[in-house]
1. Could you do me a favour and compute the accessible area per residue for the range 610-683, 1.4 Å probe, result in Å²?
2. Starting at the first residue of the range 583-588, write each ³J(HN,Hα) from the Karplus equation 6.51 cos²θ - 1.76 cosθ + 1.60 with θ = phi - 60°, in whole Hz, x for Gly and Pro.
3. Which of rounded, prolate or oblate describes the range 215-276 when judged by the alpha-carbon gyration tensor and an a/c cut-off of 1.5?
4. Could you give me the percent of Cα pairs per 20 Å distance bin for the chain, shortest bin first, beginning at zero and ending with the bin that holds the maximum distance?
5. Measure off, as a whole percent, the carbon and sulfur share of the 1.4 Å-probe accessible area of the range 425-552, all protein chains present.
6. Can you grab the distance from the C-alpha centre of the range 435-464 to the C-alpha centre of the range 272-316, Å, no decimals?
7. When a/c is below 1.5 the answer is rounded, else prolate if a/b is larger than b/c, else oblate, so apply that to the range 298-446 with a ≥ b ≥ c taken from the square roots of the Cα gyration tensor eigenvalues.
8. Translational D (Stokes-Einstein, µm²/s) of the range 539-658 at 20 °C and 1.002 mPa s when Rh comes from the Kirkwood sum over C-alpha pairs?
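The values are calculated or read from the model by the stated rules, or taken from the named source; none is laboratory data. Source: prediction; values computed, not measured. Glycine also receives a Cβ, built like all others from the backbone with ideal geometry; neighbour counts cover every protein chain displayed. Heavy atoms of the whole protein, side chains included, go into the accessibility calculation; ligands, DNA and RNA do not. Shrake-Rupley method; radii C 1.70, N 1.55, O 1.52, S 1.80 Å.
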Amino acid sequence: MHMIHPGNVLRTFVIIGIVHLLGVQAGTAQTVPTARWYYEPQYEPQEHQADMQHMRLDLRFVPEQGLVSGTVTHRFTPLRETVDSLFFNGPGIRVKSVLYNGKPARFSTGDEGTTVYLSPAAQWGDTDSITFQYEANPRRGLYFIGWKDSTGRSRKQIWSQGQGIDNRHWFPCYDAQNDKLITETIITFDSRYSVLSNGGRVSMHHNADGTTTWHYRMSHPHSVYLVMIGIGAYGIEERRSRSGVALHLWYYPEYPDRIEPTYRYSAEAVDFMEEETGVPYPWESYAQIPVQDFLYGAMENTSATVFGDALFVDRRAFLDQNYIGVNVHELAHQWFGDYVTGRTPRNSWLHESFATFYPKLFLRRIEGEDAYQWARKKEHDAALETSKQNLFPILHSRAGRTRVYEKGSAVLDMMRHTFGEQAVRKVLTQYLNKHAYGLVESNDLYQSFQDVLGLSPWWFFEQWIYRGGEPHYVVSYEDITLAGVRRTRFTVRQEHQRDDLVGLFRMPIGFAVHYADRSMDSTRVMIEKETEIVDIPNRRNAQIAFALFDPGNWILKTVSFPKLFTELRAQALRAPQMIDRYDAVMAMRELPPDTKRSALTEVFRQESFGEVRAEVVRQLVADPHASAREILRLASQDRAPEVRRALVNAVSAIPREERELFEQMLRDSSYEVVEGILRKLSAQFPAETDRYLKLTASDNGVGNAIRVLRHEISAGKGHTSSGDSLAVLASPANEFRTRTNAFEALCRLNHLDAGIVESLYDAMTHPNGRLRGSATDVARKYLTQSAHKTLFRQVLAAGEWQEWQRKILTEVVDAQ
Ligand SMILES: [Zn+2]
């Protein structure tokens, strides 16, 4: 999914000693043991006395009360000679009764769960069962959306989110990922709603009391954190992959127009993953369901992915943000994470790095090589940014999200660059097949290199996975003649700081020399020493136009390679790979307009990739020269939305004579462009605002961003009804993005009443962290004013709160 797990620490390799890493955070040096050398027992796989084999979960709900009542039966076999008690995770679960092999059993329930006493004790070789009858009002793991909304406008849903260890809050279980079991879910609920869970649907039975019983069952084992349910009002679009995998694409029936853009590539993505991994989709079918107010981007529950409904988009929203990347991310997890699963969360790079990697490859298939290079570049930027904070290895318990997702994904690109695409594909196919429906750790992947290719690339795993940091190369070249041969001589020095954690890097790196006559020479060399000399003979005696180190930007690194403007210009216009052209344009950022203008306008006119044109726009936006203004005019109608977005975001003062040009962008197909330009035009030309509001009156945007902005603009002009409309959009009847946008607009307007405070309080105690964080920030801003503070206090005193809610709210109100 899109979150960081509790930790990742290595234990697979030899423990040699204790070495320390100097990590710098907030200006102070701190000493931290590194993963490789330090044993952290809390990250060992959890110990357990029984192998859970099967779970049958039978549930009913009273959604208005946030109540789940259930019967769960676990079938298991002991992992010890005798087992006389078993503990099941279940904080807050009220256990009514327990059966052991069908007979009442003694049990005791504490804060964290229930211990069941087995009499007679279970023996090796037995298959036994325990059945709990229970109730719970979970605050985590299971979420009831919209059932308390008194206006009747809110969507009504129930959905779960198990990862990391939250499923234990709504059913008693052994809740660690180092045990895999077959699960079965039986849910009885109001027939007006549809119910999704993991696996194939066994039956759907309409009962006389207006309820329907839905029965789902897995045919292969998975870990408990991947168990899911999703309930709401949905339609289901059925498709099949080329290999016949049944796809169930859930959608909100009132938005049939969103099915096509949202699920445009869903079937193709399954074909792609099967080809790329060489392993057929491992489950009986694949369902995807959008839900409101989801905690993260999406979650790869086995055979049933949940995603936030902000990604359930129409054709226009698709231009700004769409489901493609997340779709492939969660689909890739069906192999990497669900089919083969880390023994502990410390192995989460074996899930997340792969799930981050495959969407890039898929993007290459549907959009081409440039899009792939761009995605790689964004990952490199993120990983290198994190290295400014500390240099924890990917496998360290404190690696952090960016290392496990972006850096790990970049390492997989480098793995293919180093060993070959086909070779790595073969390794991964064997790794998946060998550990099918099983548990893995990092050494299993390493062993697959040995088994499949006969290679022991310890150095690669060591420098990129077990140790930290990235290389910094200082590169220069000379045009020289030696022994009668003209040659381009590159000198490469590795100049990053080295210690026990970060060593010299060994990587195959490309070098290329492009000549003025448009010919070129290139080579690829293993660079591993502190200083290396690489010669490329120039046999045709050609004049050098520009030289490239690591063309295509495969290596995760920083580089210092000074270049003349003439070289940058030639590179920006002529380098065969997009990312090298982009680097040259980026290197012009600090140059004065007169130096770079003609080069940049030429780049804009001939460059095929939008993000390069977008960078040209950012560099020319404040340039008053006529040729620069002409580029901006072209940019305002550019075919790529990223170019138009770049223009709208970068423009500060709109010259009066260009007003009409920018006004045309109020009709742009991209909602973000419309929102951005509406904000800027209204601020700069207040007399024209009514016309702008009319022009955009039919656009709402994702999370009602444009609608909220229209209300904000018109409230700012004194229309009080617009403040009231914003208050309605901020209320609990709406999804979290709309509410977030409305709160922020109300705060900028400094508009507040008791109803808005009530909405803020609801948001500040909401399970969705993004809504909670934004609402808390807004409340803090209001609370700096004493009149508002009084109102906050009154509403708090008048309301009925649970203890945990009162605690959260009081802390914020009293802190100001
Ligand atoms: Zn993920």
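1. Numbers: 3050 Å² over 74 residues.
Ligands and nucleic acids excluded, the figure is 41 Å² per residue.
2. Along the range 583-588, the couplings run 4, 5, 5, 4, 5, 8 Hz.
3. oblate
4. 14, 41, 36, 9, 1
5. Details: 2410 of 5430 Å².
With neighbouring chains kept in place, the figure for the range 425-552 is 44 percent.
6. If we compute the Cα centre of each part, the gap is 28 Å.
7. Working: a/c = 1.38, a/b = 1.21, b/c = 1.14.
Rounded, since a/c falls under 1.5.
8. Numbers: Rh = 15.2 Å.
Stokes-Einstein gives a translational diffusion coefficient of 141 µm²/s.
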